[in-house]
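Read the structure below first, then the notes.
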Amino acid sequence: MQAVRRSGSYIYRCHKRLLTTSSAVQARRSREPWDKRFPVRAEDVAPDKKGGSKEMEEALPEDIVAPTGIHHRLTGEYIHVPEMVPEFVVPDLTGFELKPYVSYRAKEITQGPITPKDVFNSVYAETVEDDYRRGTIKVEGETIKLSDGRVLNTKDFVGDKDEEVQ
Amino acid sequence: MRLTLVALGYFKKYVQREIAKASGVSVYTPIQGWRHVRKRDWIYGENRPWTDAAKEANLPGKRLREVIEPIPESEWKIFKGDRVQILKGIDKGKQGLVCTIIKERNWCYVEGLNCSYKWVNKSASSPGFLSKVEKPLLVTTEVSLLDPSDLQPTETEWRYDEDGQRVRVSARSGRVVPLSDRALNEAEDMVDKNAYVEQSWDTKEKELTKVTFTPKAMSFEEDIMDSMGIKEDRERAPNYYY
């Protein structure tokens, strides 16, 4: 363990955990060399900062927001480059009738979450019904014989207790 | 998809936000984040909480002197548009319609009754005009609902009718005291639904009730790939985490 004295409070390092006896809330600027709770910024490694250098400052981005142009090397003017402006790809909204707000006159609608049963009913139920009517699927008591040769048993499948067997 | 509470409670959130801004200070510190300090209990009054007058009545140091009897939400009986009889005050015995309700103070205002009169814009040449402002009445003791059969004050109870609807029933005759149209057609932000004029930014009921989504037995990403014709034959490498 190594004790490092810092502004009236003792900070002991043990097993890579940093404990401090003073208040944990300190201003960002007073932390040296930079506030380790946040990622490093270009201003944290400026030449005037402890441990900073011009090379490190230039390696990091200047702004959080990406620039949309370039500075002319000789004249210094800022040239706007349209290709650097982000382009949002949104779906085509022609014929889309939904609007940002809902009219006060519209009735209140509540729908429950979509259950696996709803997914089954939407995707498979129709084909299963057609197959059964045509005779491709045969039900004999507890066994179900499918067209591809598989034989299923109703006992192997757990259903809802409230469901009635038709 | 269920309409979330966030969407439905926009007005409630707006009111709470305005109250929080005017009854304390929000302070930001790193890691702790935003905290509300120097909080004060909001004093509800005749002015709505987002108005300047209400915020002025809630400056630091102001206190509510009276004690408010707590009435649970389920036991609240007086609504906008109800016909009531005033039991106490200068207009004792008179009947009128309820125009405003302030639940936090157990107040109700009856249209044109229990008013205070004041001469405004008085000058040497003219007497000005007489302003008539309704004074609040306590819902518990000073006002009573009427029995529809004889239009006399009666005690009411919340009961369930044959259809399972929760209704107010007169204790004396057993007749249902119906809610007025004004109360039933009022939205949470006090907008009259029937009088509302639909705008270009409003989704109409016809569009709202259309069901255009069909559930598919594939994930969202697979659905997008399927609709755009993207085919992915590569298999994901095994991922182990313990």
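Here's a check for you: in the stretch B:193-207, which residue that is at the interface with chain A (Cβ under 7 Å from one of its Cβ atoms) and assigned to a loop (DSSP other than H, G, I, E, B) is surrounded by the fewest Cβ atoms within 10 Å (Cβ to Cβ)? Even if it seems obvious, please write down each step before you answer.
Start the filter on the stretch B:193-207 by keeping residues that are at the interface with chain A (Cβ under 7 Å from one of its Cβ atoms), which leaves B:193, B:196, B:198, B:201-205, B:207.
The next check asks that each one be assigned to a loop (DSSP other than H, G, I, E, B); those that pass are B:193, B:196, B:198, B:201, B:204.
Details: B:Lys193: 15, B:Tyr196: 14, B:Glu198: 15, B:Trp201: 10, B:Lys204: 15.
Checking each candidate, the answer is B:Trp201.
Taking the condition buried (at least 18 other Cβ atoms within 10 Å of the Cβ), within 25 Å of B:Ser180 (Cα to Cα) and under 24 Å from the mean Cα position of the chain (by Cα), does B:Gly45 pass?
So B:Gly45 fits the description; yes.
Would you be able to tell me the number of residues in the stretch A:119-144 that are more than 7 Å from chain B (Cβ to nearest Cβ) and in a helix (DSSP H, G or I)?
The qualifying residues number 12.
So that you can scan it fast, the table gives a plain yes or no per residue for (1) within 14 Å of chain A (Cβ to nearest Cβ); (2) among the β-branched types (Val, Ile, Thr); (3) in contact with a His (Cβ under 8 Å, 6 or more places away or on another chain):
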| residue | (1), (2), (3) |
| --- | --- |
| B:Ala22 | no, no, no |
| B:Val25 | no, yes, yes |
| B:Ile31 | yes, yes, no |
| B:Asn47 | no, no, no |
| B:Glu56 | no, no, no |
| B:Arg63 | no, no, no |
| B:Phe79 | no, no, no |
| B:Gln85 | no, no, no |
| B:Ile102 | no, yes, no |
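Quick check on this structure: which one of B:Glu56, B:Glu111, B:Glu66 is more than 30 Å from B:Gln152 (Cα to Cα), over 19 Å from the mean Cα position of the chain (by Cα) and modelled with pLDDT of 95 or more? Before the answer, list the steps.
On the way: B:Glu111 fails: more than 30 Å from B:Gln152 (Cα to Cα); B:Glu66 fails: modelled with pLDDT of 95 or more.
That would be B:Glu56, the only listed residue that is more than 30 Å from B:Gln152 (Cα to Cα), over 19 Å from the mean Cα position of the chain (by Cα) and modelled with pLDDT of 95 or more.
Being under 21 Å from the mean Cα position of the chain (by Cα), of a type outside the set (Lys, Arg) and either part of a strand (DSSP E or B) or farther than 20 Å from B:Ser180 by Cα (or both) is the filter here; which residues of the stretch B:114-139 pass it?
B:Glu134, B:Pro136, B:Leu137, B:Leu138
Mind telling me which of the residues B:Arg159, B:Arg182, B:Arg168 ends up being assigned to a helix (DSSP H, G or I), touching a strand residue (DSSP E or B) at 6+ places or on another chain (Cβ under 9 Å) and farther than 30 Å from A:Tyr124 by Cβ?
Of B:Arg159, B:Arg182, B:Arg168, the one residue that is assigned to a helix (DSSP H, G or I), touching a strand residue (DSSP E or B) at 6+ places or on another chain (Cβ under 9 Å) and farther than 30 Å from A:Tyr124 by Cβ is B:Arg182.
Part of a loop (DSSP other than H, G, I, E, B) and within 10 Å of chain A (Cβ to nearest Cβ), is that true of B:Met190?
No: the conditions fail for B:Met190.
State whether the residues of the stretch B:145-152 include one that is surrounded by 16 or more Cβ atoms within 10 Å (Cβ to Cβ) and farther than 29 Å from B:Glu66 by Cα.
Yes, the stretch B:145-152 contains at least one residue that is surrounded by 16 or more Cβ atoms within 10 Å (Cβ to Cβ) and farther than 29 Å from B:Glu66 by Cα.
Given B:Glu198, B:Glu205, B:Glu155, B:Glu162, which one is on the phi < 0 side of the Ramachandran plot and within 22 Å of the chain's Cα centre (by Cα)?
Of B:Glu198, B:Glu205, B:Glu155, B:Glu162, the one residue that is on the phi < 0 side of the Ramachandran plot and within 22 Å of the chain's Cα centre (by Cα) is B:Glu198.
Please enumerate the residues belonging to the stretch A:73-125 that are surrounded by 10 or more Cβ atoms within 10 Å (Cβ to Cβ) and among the small types (Gly, Ala, Ser).
A:Ser103, A:Ala106, A:Ser122, A:Ala125
Show the residue pairs meeting these rules: Cβ distance below 7 Å; 6+ apart or different chains; first residue within the stretch B:221-240 and part of a loop (DSSP other than H, G, I, E, B); second residue surrounded by 10 or more Cβ atoms within 10 Å (Cβ to Cβ).
Close Cβ pairs satisfying both conditions: B:Glu232/B:Met225.
Hey, could you check the stretch A:71-118 for residues that are of a type in the set (A, V, I, L, M, F, W, C) and within 30 Å of B:Asp189 (Cβ to Cβ) and say which is farthest from the other protein chains (Cβ to nearest Cβ)?
Ranking the qualifying residues of the stretch A:71-118, first place goes to A:Leu93.
For A:Val65, are the conditions met, namely being modelled with pLDDT under 90, touching a Pro at 6+ places or on another chain (Cβ under 8 Å), of a type in the set (Val, Ile, Thr) and within 25 Å of B:Tyr28 (Cα to Cα)?
No; evaluated as a whole, the condition is false for this residue.
Per-residue answers, yes or no, for (1) surrounded by 13 or more Cβ atoms within 10 Å (Cβ to Cβ); (2) farther than 30 Å from B:Pro70 by Cβ; (3) modelled with pLDDT of 95 or more:
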| residue | (1), (2), (3) |
| --- | --- |
| B:Ile101 | yes, no, yes |
| B:Ser116 | no, no, yes |
| B:Lys132 | no, yes, yes |
| B:Leu137 | yes, no, yes |
| B:Glu155 | no, no, yes |
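Any residue that is without any contact (Cβ under 8 Å) to a residue 60 or more places away in the chain, among the acidic types (Asp, Glu) and in a loop (DSSP other than H, G, I, E, B) - is there at least one of those in the stretch B:140-148? Before you say what the answer is, go through the steps one by one.
Kept after step one, since they are without any contact (Cβ under 8 Å) to a residue 60 or more places away in the chain, are these residues of the stretch B:140-148: B:141-142, B:147-148.
The next check asks that each one be among the acidic types (Asp, Glu); those that pass are B:142, B:147.
Filter again for in a loop (DSSP other than H, G, I, E, B), leaving B:142, B:147.
Checking the stretch B:140-148: at least one residue is without any contact (Cβ under 8 Å) to a residue 60 or more places away in the chain, among the acidic types (Asp, Glu) and in a loop (DSSP other than H, G, I, E, B).
The values are calculated or read from the model by the stated rules, or taken from the named source; none is laboratory data. Computed from a predicted structure; not experimentally measured. Quick reminder, even Gly has a Cβ in these numbers, built from the backbone with ideal geometry, and neighbours come from all protein chains shown.
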